[in-house]
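*Asks:* Structure provided below as structure tokens; questions to follow.
The values are calculated or read from the model by the stated rules, or taken from the named source; none is laboratory data. Keep in mind the model is a prediction, meaning the values are calculated, not measured. Positions of Cβ are generated from backbone atoms using ideal geometry, with glycine treated the same way; all protein chains shown enter the neighbour counts.
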Amino acid sequence: MKCEAIIFDLDGTLLNTLDDLADANNQALSQLGFPTHPVEDYKYHIGNGVRLLLERTLPEGSRDEAMVEKGVTMMKQAYDKCWDNKTRPYAGIPEMLDELVRRGVRMAILSNKPHAYTRIIVDKLLGNWEFEEVWGVSDSVAPKPDPAGISSLVEKMGLASDQFLYLGDTATDMETAVGADIFAIGVLWGFRTADELTQSGAKVLLNEPAELLDVIDQG
């Protein structure tokens, strides 16, 4: 296998978005009169979109359709104001991206954030690097773990699936890559554990971003 392109997840892989997501969701819960959650708990709440986030964090018995929709609206309003308060690239990510650009590796991002959010965040916080495609969830891009989004991205970039690597930090990411027949790499600096990533199909685990370059070199 020769790596020609890499598709990255965003939250928990390139950017540490945990604090801002937790703050926004806790603000929504508080406004609704419900208990909030510790920031660390959000490592297991986020990753599948805002709606599932509210379904997971609202108290049992308060997860009816109307309450979830209200919570989603309030969370989005809070996130609009705080998304870049604490969110930053993980240590080692800038250097890794610099080296990938130097090597001519093509790069793309596929996130479970709404597409508009994904573009804004990438433009502001990862604007020093060229990502050929940046996709979030939209009417035409299904949320992960549906492999349709990543398959469409691979097709648009005009390469064979075995020329890609996919980096992510959750079971959802690994399942997406496996479903699209892409080499799945799990990152351990993100939101989930090594066991979860391995059991979900990760073929390699990375402890730090620089290790990706070793994987590429080994072919």
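*Asks:* Taking the options VAL50, VAL72, VAL68, name whichever one is within 30 Å of VAL154 (Cβ to Cβ), surrounded by 15 or more Cβ atoms within 10 Å (Cβ to Cβ) and either without any contact (Cβ under 8 Å) to a residue 24 or more places away in the chain or outside the structural domain of ILE120 (by TED's automatic domain parsing) (or both).
*Replies:* VAL50
*Asks:* A further question on this structure: Of the conditions (1) buried (at least 20 other Cβ atoms within 10 Å of the Cβ); (2) out of contact with any helix residue (DSSP H, G or I) (no Cβ under 9 Å at 6 or more places or on another chain), PRO94 clears all except one; give me its number.
*Replies:* (1)
*Asks:* Here's another thing I want to ask about it. For the range 187-210, which residues satisfy the criterion of being touching a Leu at 6+ places or on another chain (Cβ under 9 Å), surrounded by fewer than 18 Cβ atoms within 10 Å (Cβ to Cβ) and not β-branched (Val, Ile, Thr)?
*Replies:* Once the filter is applied, which keeps residues that are touching a Leu at 6+ places or on another chain (Cβ under 9 Å), surrounded by fewer than 18 Cβ atoms within 10 Å (Cβ to Cβ) and not β-branched (Val, Ile, Thr), the range 187-210 yields LEU188, TRP189, ALA194, LEU205, ASN207, GLU208.
Yes or no, residue by residue, for (1) over 22 Å from MET174 (Cα atoms); (2) not polar (S, T, N, Q):
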position: HIS115; (1), (2): no, yes
position: VAL122; (1), (2): no, yes
position: ASN128; (1), (2): yes, no
position: VAL137; (1), (2): no, yes
position: SER140; (1), (2): no, no
position: PRO147; (1), (2): no, yes
position: ILE150; (1), (2): no, yes
position: VAL154; (1), (2): no, yes
position: LEU159; (1), (2): no, yes
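*Asks:* Further question on the same structure: For the range 1-33, name all the residues that are assigned by TED's automatic domain parsing to the domain that holds GLY92 and free of Cβ contacts under 8 Å to residues at least 24 places away in the same chain.
*Replies:* none
*Asks:* If you take the residues in the range 29-47 that are within 20 Å of ASN112 (Cα to Cα) and hydrophobic (A, V, I, L, M, F, W, C), which one is surrounded by the most Cβ atoms within 10 Å (Cβ to Cβ)?
*Replies:* Quick first cut of the range 29-47, residues within 20 Å of ASN112 (Cα to Cα) only: 39-47.
Next, from what is left, pick out any that are hydrophobic (A, V, I, L, M, F, W, C): 39, 46.
Details: VAL39: 14, ILE46: 24.
Selected residue: ILE46.
*Asks:* Now, a different point. Could you run through the range 145-166 and say how many residues are under 17 Å from the mean Cα position of the chain (by Cα) and farther than 16 Å from GLU132 by Cα?
*Replies:* Residues flagged as under 17 Å from the mean Cα position of the chain (by Cα) and farther than 16 Å from GLU132 by Cα within the range 145-166 amount to 4.
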